[in-house]
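Before any comments, here is the structure.
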Amino acid sequence: MNNRKIYLDNSATTPLSSVAKEQMYAAMEIYGNPSSLHSEGQEAEKLISTAREQVLTGLGLRPRQKDGILVFTSCGTEASSLALFGTAYAKSRRDATRILTTDSEHPSVARVLDKLEADGFEVIRISTKGGILNTDQLDAALDKKILLASFMLVNNETGAIYSVGDAFKRIKQKYPDAVTHCDAVQGFMKIPFSPATLSADLITVSGHKLHAPKGVGALYISASIIKAKRTVPFLLGGGQEDGWRSGTENVVGISAFGASVADIHSRRAEISAYMQKLRAYTEEKLASLDVRINKPQGAYLANIINITLPSIKSETMLHALSADGIFVSSGSACSSHSHGASPSLLAFGLSEKDADCSLRISLSEYNTMEHMDALADSLQRNLCKLVRTK
Ligand code: PLP
């Protein structure tokens, strides 16, 4: 039995960093409810406000500058639900019924917009073929009826970086009242952006993609959206998180999320340079194998590499690699909960057959060149074996 573990599924989730773990241990000692007025409660509240400043700094904001707030949630999915349902049901502009999005959003956005469509909103899905957001389609969809635009920053399966800043600027120039939401879960702390550079009113981020624990995310909400009441809270109760997300906060998770962001922030250039080097090395290794890299035509994140295998189902290869102690994800289904070809890969331009034979290799700073050597060896061995047994 092979005991090695080479984790190459970092877009699904990441291992905890030692910084996050240490912060969690420290935060676990502080058991007060952050809403309590006594000193134990206030200690917990202090942990949350430190984390809030750390995440806002990661978003390129100066925390004391009141141009928006950060609301902690249970995950990126909940943050996007707050952004989308919260904007749709704010009913701030009764005449605005159109929602723009892309054809390759993560299910946490796509399924919410399907529901809003069923409820009567008009949803227009802009093509992202080849990893490029189609600006002609975007321009054609611009109309005073636009309530909301929700575009992801980095596609979780192909790594394509969409030109969200440019798209939101086009929308805002013509229709400044339109609300803009960006799902930045895969891009946060990996590529530089801020609410201003994206022209985004709402931004979703998540902790567990950044070596923090699972169960914590956040939504940035701009001051102008709050003032105009263009988005409203839907989790009502005790009024935590400035009334935006009732429910006692996950102090340990939030505190570790802040610490992780601060840690990455302090080493950002170094991590980014390393990821570029690791990507180049991986591509070189893959070039000698019978696989095709589905490289976006425009900008892309170094961390995500999508490949298509020659007529071998991705799940078959995934299990063969897993038996070798190498963990990747299958492109044919975006998770173990969904079946069929991935809508993201079809939107990218892959045929159903190719989408069914695609794997996602996603890297973190904990991966090494030796991991990539092992991946290439195992892929090569299994390609020979599986092609022969087909
Ligand atoms: N958005 C994108 C692009 C993602 O890749 C993910 C998770 O894979 C999410 C949102 C959901 O984040 P969470 O797992 O924190 O709910």
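Going residue by residue through the stretch 177-189, is there one that turns out to be more than 16 Å from the ligand (Cβ to nearest atom), out of contact with any His (no Cβ under 6 Å at 6 or more places or on another chain) and not in a strand (DSSP E or B)?
Within the stretch 177-189 (the criterion being more than 16 Å from the ligand (Cβ to nearest atom), out of contact with any His (no Cβ under 6 Å at 6 or more places or on another chain) and not in a strand (DSSP E or B)), the answer is yes, since at least one residue qualifies.
Go through the stretch 194-207 and give me each residue that's in a loop (DSSP other than H, G, I, E, B) and either open to solvent by less than 20 Å² (accessible area, probe 1.4 Å) or modelled with pLDDT under 95 (or both).
194, 200, 201, 207
Here are some conditions: (1) among the aliphatic types (A, V, I, L, M); (2) within 16 Å of the ligand (Cβ to nearest atom); (3) without any contact (Cβ under 8 Å) to a residue 40 or more places away in the chain. Residue 116 meets all but one. Which one does it not meet?
It fails just one condition, (2).
Tally up the residues in the stretch 275-298 that are within 24 Å of residue 162 (Cα to Cα) and open to solvent by 60 Å² or more (accessible area, probe 1.4 Å), please.
Total satisfying the criteria: 5.
Scan the stretch 68-86 for residues that are within 9 Å of the ligand (Cβ to nearest atom) and part of a strand (DSSP E or B) and jot them down.
Hit for the stretch 68-86 is 73, nothing else.
Output the residues belonging to the stretch 192-207 that are of a type in the set (A, V, I, L, M) and away from the ligand (no atom under 14 Å from the Cβ).
Answer for the stretch 192-207, where residues must be of a type in the set (A, V, I, L, M) and away from the ligand (no atom under 14 Å from the Cβ): 196, 198, 200.
Within the stretch 148-174, restricting attention to residues that are within 16 Å of the ligand (Cβ to nearest atom) and of a type in the set (Val, Ile, Thr), which residue is surrounded by the fewest Cβ atoms within 10 Å (Cβ to Cβ)?
Only one residue fits best here, namely 161.
The values are calculated or read from the model by the stated rules, or taken from the named source; none is laboratory data. Computed from a prediction, not measured in an experiment: that's the story for all the values here. Every residue, glycine as well, gets a Cβ built from its backbone with ideal geometry; the counts of neighbours run over all protein chains shown. Just so you know, the surface numbers come from the protein's heavy atoms only, side chains and all, with ligands and any DNA or RNA stripped out. Shrake-Rupley method; radii C 1.70, N 1.55, O 1.52, S 1.80 Å.
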